[in-house]
Amino acid sequence: MSSIIVNPKTYTHHELENIFFRPMLTGKSAEELGIRVLYNMPMPTTLQMLDKSGNILSPLGNNPSWSGGTKSTLYQKTIPMSRVKAENAFSASDYFSTVFELISANSEVNMEDLTGTELEAAETEIFRKAIASSIAMGLWLGDKDNIYQSGYTSFDGVLKLIYERDSKVLNSKATDLTAQLDEVGIVELLDQIIEESGPRMRGLFAEGQTAFFVSPKVYHLYEKWLDENHATAAYADLQNGRQALMYHGFPLIEVNLEPAISSSSLPHDFIIFTDKRNIVLAVNTADTPGAEVRMWYNPDQMENRQRAVFSIGVELLDDELVTAYIDAV
């Protein structure tokens with residue numbers, strides 16, 4: 001077998017969707033992001049949100065005709081979509097070694113008779129993971145104008161959106177979160193955030209989609225508090241590990257943005273309390289001109305290259321459903 005992979009591969013249209021992007025953006029992969037993920041919604045991507053209706057019951061009496069009722073409030077938000085490209089390059093020898101390692105991990109593959117299918121699946125997996133990682137980081141660190149030097153400049157992410165709307169429409173506290181944690185403690189601060197939630201937010205608690213999105217420091221402070229205050233349970237946790245942290249039924253989702261956030265002026269520590277469906281990541285390949293995934297070998301540079309073209313955007317659908325405590329920039 002040659003130690004160079006030279007066969008070009010191109011995905012467009014249905015192949016692009018079914019083989020490459022849909023496995024990355026649906027099911028368990030989407031759930032791991034902890035937010036709402038939309039794939040191939042028509043562009044411009046506009047979402048309609050109906051608020052809960054009020055009381056729609058009335059006495060029937062002697063007049064069974066239509067009496068109107070009260071319309072549900074309609075909230076509409078257009079997600080700003082940016083056309084982006086993802087590019088990756090490897091030296092031919094490194095690329096071959098990486099692909100070969102993935103293939104050799106599968107016990108069902110005959111290493112003496114590798115077909116194009118195994119190679120293609122391994123190459124696809126390498127690039128798909130790289131794109132998924134960049135999307136997950138850009139979701140939070142995205143900074144299209146490069147104001148905060150996050151390194152993710154293709155589209156705006158959650159932290160920048162919160163800063164842009166701080167003190168205007170969000171229930172947000174752009175302050176020294178570190179000082180607050182030292183002053184009142186992690187549990188008291190989580191209680192305070194829950195109490196500050198507006199009536200519409202509280203109305204969604206029962207649906208089980210509300211969560212704390214927190215930086216690793218906040219996550220570890222709460223974990224340490226559990227260890228110090230619940231000795232018996234903590235012993236079991238130390239032995240077996242914790243699968244997830246909860247506070248009064250609300251999950252704490254750790255958002256680990258290292259190492260990229262270390263060189264950014266975006267807040268390193270934050271607590272964002274919202275409905276998980278309120279943070280939306282939209283990706284589109286169906287309506288994006290030139291959308292494709294291509295992998296090829298460049299003999300001049302003796303390297304394997306990968307490129308993807310698609311559209312992506314992030315939005316907070318309802319600003320009233322966000323309570324954020326963040327470190328000041």
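The values are calculated or read from the model by the stated rules, or taken from the named source; none is laboratory data. These figures come from a predicted structure and were not determined experimentally. Positions of Cβ are backbone-derived with ideal geometry, glycine not excepted, and every protein chain shown enters the neighbour counts. These accessible areas exclude ligands, DNA and RNA; they are computed on the full protein's heavy atoms, side chains included. Shrake-Rupley method; radii C 1.70, N 1.55, O 1.52, S 1.80 Å.
The set of residues in the range 288-305 being in a strand (DSSP E or B) and surrounded by fewer than 22 Cβ atoms within 10 Å (Cβ to Cβ) consists of Glu292, Arg294, Trp296, Tyr297, Asn298, Glu303, Arg305.
Cβ separations smaller than 8 Å between residues 6+ apart or across chains give the following pairs from the range 131-142 residues that are open to solvent by 30 Å² or more (accessible area, probe 1.4 Å) to residues that are among the aromatic types (Phe, Trp, Tyr): Ser134/Tyr152.
For the range 171-187, check the following and say yes or no: at least one residue is at pLDDT 90 or above, crowded, with 19+ Cβ neighbours inside 10 Å and not acidic (Asp, Glu). Steps first, answer last, please.
The initial filter retains those residues of the range 171-187 that are at pLDDT 90 or above, namely 186-187.
Remaining after also requiring crowded, with 19+ Cβ neighbours inside 10 Å: 186.
Next cut, not acidic (Asp, Glu) only: 186.
Within the range 171-187 (the criterion being at pLDDT 90 or above, crowded, with 19+ Cβ neighbours inside 10 Å and not acidic (Asp, Glu)), the answer is yes, since at least one residue qualifies.
Quick one: in the range 14-34, of everything that is open to solvent by 20 Å² or more (accessible area, probe 1.4 Å) and touching a residue at least 24 places away in the same chain (Cβ under 8 Å), which residue is farthest from Gln301 (Cα to Cα)?
Here the answer is Leu33.
The set of residues in the range 145-165 that are open to solvent by 30 Å² or more (accessible area, probe 1.4 Å) and out of contact with any Gly (no Cβ under 9 Å at 6 or more places or on another chain) comprises Asp145, Asn146, Ile147, Tyr148, Gln149, Gly151, Tyr163, Glu164, Arg165.
Taking the residues in the range 314-329 that are part of a loop (DSSP other than H, G, I, E, B) and hydrophobic (A, V, I, L, M, F, W, C) as candidates, determine which candidate is modelled with the lowest pLDDT.
Pass one, the range 314-329, residues part of a loop (DSSP other than H, G, I, E, B): 317-318, 328-329.
In the following step, the residues that additionally are hydrophobic (A, V, I, L, M, F, W, C) were identified as 317, 328-329.
Numbers: Leu317: 87, Ala328: 68, Val329: 63.
Among them, the one singled out is Val329.
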